[in-house]
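Read-outs throughout are calculated quantities, based only on the coordinates presented, and are distinct from any laboratory measurement. Keep in mind that this is a model prediction, so the values were computed, not measured. Here the Cβ positions follow ideal geometry from the backbone for every residue, glycine too, while neighbour counts run over all protein chains shown.
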Ligand SMILES: Cc1cc2nc3c(=O)[nH]c(=O)nc-3n(C[C@H](O)[C@H](O)[C@H](O)COP(=O)(O)O)c2cc1C
C-alpha cells in the first residue's frame, strides 16, 4: 500500500497508473527510416522498469513533413504499427502504462539535431525525399534565429491533410496498443504556432480571433476522440504561456482547456515557451519546478487534471507539489536520463511502503532479499548506510 501521494495510483478513464510519476516524452534522434530501433526498446524499457507509472514515447510524427529532424519516429503508415507494438509490449511487461506523444514540427521541421547545433538542415543526397519534407506553418513567418527561410503558409487543403494525419496517427497508436495519447500543442511546433498570435497571422477561419486560432487544435482533438477508445485517456501538452508580449497567455490557455475538456481531454500536460525565446521573465533563469505554477493555475481555474514538468528533480519536492494540489502527475525528463530508477529511489527516500516493489520485474525480489541480509542497507543512490 502506498503511503505517499507520489505512489498512490491514479485512475483516468479505465486506465490505472501505478503511481504519479510520468516519464516525459524525449526525442532520441535514433530512428532509422522513421522506425524505432533497439535503442528505443532499451530506453523505454529501462524507464518502464525503473518504476514510472506512465512512460511516454518521444514526439512521434504524423506525416513525413512533420519530422523535426533526421532520426525522428513516424506513424504515418500502417507498416509502423508492428514496430511500435514491440515498444508497447516492453513497457507494459514492466508495469508501466505505455504512452505516445503525437506531433507535427511545423516551422521547426527539417532542422539539424541539437548535437549538430540545430538551425536549418542543408539539402543532402542522404535525404532522398527532401522535397516531400515541406516546411509548413499557419503563416510565412520564419523562426527567429535559425537561419531558415520562411515556412510555406498552409492552404486549407494542407490543414485538412494535417487533421487527417493526426487522426490516422491516433488510430494507428490505438492499434499498436498505447493506452494514453499526448497531443503535442506546445514548444513552438505546428499546433502551438496556430494558437499563438505571434506566429499565426491568417485571415481565414484558422486565424485572427482566439476562437479561430484554437480551431485546428479543437478539430484535431475531436477527430482523435472519434478513433481513440473511450476507455483510454487523452492528454494535451500546452505551452500555457509564450512569455512574450503579444503572445499566448494564461487566460487563453484557460479558455482553451475548458473547450478541450468538453471534447474529452482528460489531462493537460503543462509546459511553456517555444515560439520566441525563453518563457521566463527577463533576467530570470529556470529554478526547481519553474513551471509548476502553470499546472496549478490550470488545475485551479478549470478543474481539469494536470501534470507539471520542468526541473522536478527531488522526491520530496515531487511529493510536496502533489500534496499542495498543483497537479495530478509529476513529469520528469532529464532526471530520468540521469537515473531511470528514480521512482525506486523516491519510494525509499520517502519511506513509502511500496519500497522495492515499485519495480515489477525480477529486480525487486533481489533488492528486497539483499535489504534483509544486511540490516539498514541502503542503495548507493539513496544513502551511505555503511
Ligand atoms: C532529450 C530531450 C528530448 C525531448 N523531447 C521532447 C519531446 O519529444 N516532446 C516534448 O513535448 N518535449 C520534449 N522534451 C522536453 C521534456 O519533455 C521536458 O518538458 C523538459 O525537458 C523539462 O523537463 P526536465 O527539467 O525534467 O528535463 C525533451 C527534452 C529532452 C531533454
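In plain terms, the residue of 232, 104, 338 with the fewest other Cβ atoms within 10 Å comes first and the most crowded comes last, giving 338, 232, 104.
Quick check on region 20-103: of the DSSP beta bridges with both residues there, what percent are antiparallel, nearest 5%? If you can, show how the numbers build up before the last one.
Working: 1 of 11 bridges.
The answer is about 10 percent antiparallel.
Distance from the Cα centroid of region 206-238 to that of region 60-94 is 21 Å (rounded to whole angstrom).
Comparing mean-square fluctuations of 330, 16, 180 from a GNM of the chain with C-alpha springs under 10 Å, the top value falls on 16.
Helix content alone sets the calculated 222 nm mean residue ellipticity of the chain: runs of n ≥ 4 DSSP H residues at -39500 (n - 2.57) each, divided across all residues, give -10000 deg cm²/dmol.
Here residue 231 and residue 259 are evaluated by their C-beta separation; at R0 = 22 Å the FRET efficiency comes out at 0.45. Does region 206-323 come out rounded, prolate or oblate, given a ≥ b ≥ c as the square roots of the eigenvalues of its C-alpha gyration tensor, rounded meaning a/c under 1.5 and, failing that, prolate meaning a/b above b/c? It comes out oblate by the Cα gyration axes.
When 352, 164 are arranged by Cβ crowding within 10 Å, least crowded first, meaning fewest neighbours, the order is 164, 352. With each label modelled as a point 7 angstrom along the Cα→C-beta vector, the residue 382-residue 222 pair spans 5.1 nm.
With the cut-off at under 18 Å, measuring from each backbone N in region 356-381 to a point 7 Å along the Cα-to-Cβ line of residue 93 picks out 359-365. Take the Cα of residue 353, step 7 Å toward its Cβ, do the same at residue 42, and the gap between the two points is 3.9 nm.
Neighbour counts of other C-beta atoms within 10 Å: give me 152, 370, 215 arranged from fewest to most. List each step's numbers first, then the result.
On the way: 152 15, 370 12, 215 18.
The fewest-first ordering by Cβ neighbours comes to 370, 152, 215.
Shape call for region 275-334 from the C-alpha gyration tensor, a ≥ b ≥ c root eigenvalues: rounded (a/c under 1.5), prolate (a/b greater than b/c) or oblate? Oblate is the answer for region 275-334, as a/c is 1.5 or above yet b/c matches or exceeds a/b.
Under 1.5 on a/c is rounded, so check that first for region 90-243, then, if it is not, pick prolate when a/b is larger than b/c and oblate when it is not; a ≥ b ≥ c are the square roots of the alpha carbon gyration tensor eigenvalues.
Values: a/c = 1.81, a/b = 1.26, b/c = 1.43.
Note, shape of region 90-243 comes out oblate.
For region 10-373, what is the percent of antiparallel DSSP beta bridges, rounded to the nearest 5? Restricted to region 10-373, the bridges split so that about 10 percent are antiparallel.
The Kirkwood hydrodynamic radius of the chain, based on inverse pair distances between different Cα atoms, is 21.3 Å. Axis of helix 363-373 versus longest Cα principal axis of the chain: the two differ by about 30°, to the nearest ten degrees.
May I ask for the distance between the Cα centers of region 252-305 and region 135-155, given as a whole number of Å? Region 252-305 and region 135-155 have Cα centres spaced 25 Å from each other.
Here region 134-205 has an Rg and Dmax of 14.1, 40 Å, counting Cα atoms alone. Here the Gaussian network model covers the chain, with springs between Cα atoms less than 10 Å apart; of 342, 130, 76, 130 fluctuates the most. Helix 80-93 and the long axis of the chain differ in direction by around 20°, with both axes built from C-alpha atoms.
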